[in-house]
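*Asks:* Just dropping this structure here.
All of the numbers you see were taken from the coordinates with simple rules; none came from a lab. Fair warning: this is a prediction, and the values are worked out from it, not measured in the lab. All Cβ positions, glycine included, derive from the backbone under ideal geometry; neighbour counts span all protein chains shown.
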Amino acid sequence: MTTIAETLAAARERLVDSPSAAADAEILLAHVLGRERTWLRAWPERAIDAGRGARFDELIARRAGGEPVAYLVGHRAFHDIDVMVTPAVLIPRPETELLVETALGALRGRDPETRVLDLGTGSGCVALAIARACPDARVSAIERSPEALAIARANAERLGLERVEIISGDWLQGLGGRHFDIIVANPPYVAAHDPHLQRGDLRFEPRAALVGGGDGLDALREIATGVLPHLAPEGVVAVEHGHDQGARVRELFTTEGLADVETLTDFAGHPRVTRGRAPAQRPAGWPGSGARAWR
Ligand SMILES: C[S@@+](CC[C@H](N)C(=O)[O-])C[C@H]1O[C@@H](n2cnc3c(N)ncnc32)[C@H](O)[C@@H]1O
């Protein structure tokens, strides 16, 4: 029998290609043993039985082949929640917490029953984190992939957040005359031929969750051009985008008539989320004006 310390040391050597070999090995061993990582550090001399050792070996082999740790353990922490993930959904990223914080900032001082919409919800992480933080907010989420929808709904149930409305849909189409006070989206925004798609975790994630057409901006364009008729007066829209797409998204938002357009930087200092605000009053000639009531 080998000890925890010996097992982790051997695993780190097999994960030479991973930039996070030590953390990967600890997370996978903690998963197999049903313990926290801190427990491993507290008991490095404990022996691991053959069955668990074999299960761990198998996971290390898959990780050495590039499979993301989150898919191997089946979940990922995000903001104040932990969400189930499978290869049908994007793995929630730490930088996407800025989108949640932007929504929570926009919620402050508003009616408690503020209507929030998350476009392209995937695992549901953004919508569910907002709903967890704001129990009175009326949160809805849209997703096109049936497999991802099933994961988002399962996560809502696991987290006791069944009140979040999870809808099958294609961005803003099919919403009829519905309006929201806050609309957020982390759409696919990688360019189709970006070499990063062939590296790291991205190789295993759904292409439909990553690629936004030739220049990466297809979904951002569609959301920007369609969002105003679905925003309440002074409603806020915020979208995540690539670090080099901020100027283009600000231009799209400004062209569509959104006010107070600005780009926020993530914890790493990268321009990551652009937000804008609908005017207080619908001007004459507004897209769809006359066809829809504001509320
Ligand atoms: C970048 S992932 C974001 C997932 C999740 N919101 C997050 O932040 O981790 C984009 C999501 O948009 C979904 N999506 C792609 N095209 C869509 C469309 N036309 N309508 C609705 N959702 C779409 C994808 O299936 C994917 O789940």
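*Asks:* Of VAL227, VAL184, VAL16, which has the largest mean-square fluctuation in a 10 Å C-alpha GNM of the chain?
*Replies:* Most flexible of the set in this elastic network: VAL16.
*Asks:* May I ask for the net charge around GLU240, where only other residues with Cβ less than 12 Å from the Cβ of GLU240 are counted and Lys, Arg are +1 while Asp, Glu are -1? Mind dumping the intermediate values first?
*Replies:* Working: positive: ARG93, ARG272, ARG275; negative: GLU95, GLU97, GLU101, ASP118, ASP266.
Here the charged neighbours net out to -2.
*Asks:* Rounded to the nearest 500, what is the 222 nm mean residue ellipticity of the chain from helices alone, with -39500 (n - 2.57) per DSSP H run of 4+ residues and division by all residues?
*Replies:* Details: 11 runs with 106 residues, N = 295.
Rounded to the nearest 500, the figure is -10500 deg cm²/dmol.
*Asks:* May I pose another question? If you filter the range 112-160 for GluC sites (Glu not before Pro), then keep DSSP loop positions with at most 14 other Cβ within 10 Å, what is left?
*Replies:* Here the sparse-neighbourhood loop sites are GLU113.
*Asks:* Only bridges whose two residues both fall in the chain count here: according to DSSP, what percent of them are antiparallel, nearest 5? Don't skip to the answer; put the middle values down first.
*Replies:* Working: 16 of 35 bridges.
The answer is about 45 percent antiparallel.
*Asks:* Could you compute how fast the chain diffuses translationally, taking Rh as the Kirkwood radius over C-alpha pairs and applying Stokes-Einstein at 25 °C with viscosity 0.890 mPa s? Give it in µm² per second.
*Replies:* 119 µm²/s
*Asks:* By how many nm would the segment from ALA247 to GLU36 grow when fully extended, if each residue of separation counts as 0.36 nm and the alpha-carbon distance is taken off?
*Replies:* 71.7 nm
*Asks:* Among the GluC sites (Glu not before Pro) in the range 1-98, which ones are in a DSSP loop with at most 10 other Cβ atoms within 10 Å of the Cβ? Mind listing them?
*Replies:* Numbers: sites: GLU6, GLU13, GLU26, GLU36, GLU45, GLU58, GLU95, GLU97; in loops: GLU36, GLU45.
In loop regions of the range 1-98 (DSSP not H, G, I, E or B), the sparsely surrounded GluC sites (Glu not before Pro) are GLU45.
*Asks:* Follow-up question, since we're still on this one. DSSP loop trypsin sites (Lys or Arg not before Pro) in the range 130-182 with at most 16 other Cβ atoms within 10 Å of their Cβ, which ones?
*Replies:* The qualifying sites are ARG144, ARG163, ARG178.
*Asks:* Still on this model: Can you tally the net charge around ARG153? Count Lys and Arg as +1, Asp and Glu as -1, for every other residue whose Cβ sits under 13 Å from the Cβ of ARG153.
*Replies:* -3
*Asks:* Could you tally the net charge around LEU72, taking each other residue with its Cβ under 12 Å from the Cβ of LEU72, Lys/Arg +1 and Asp/Glu -1?
*Replies:* 0
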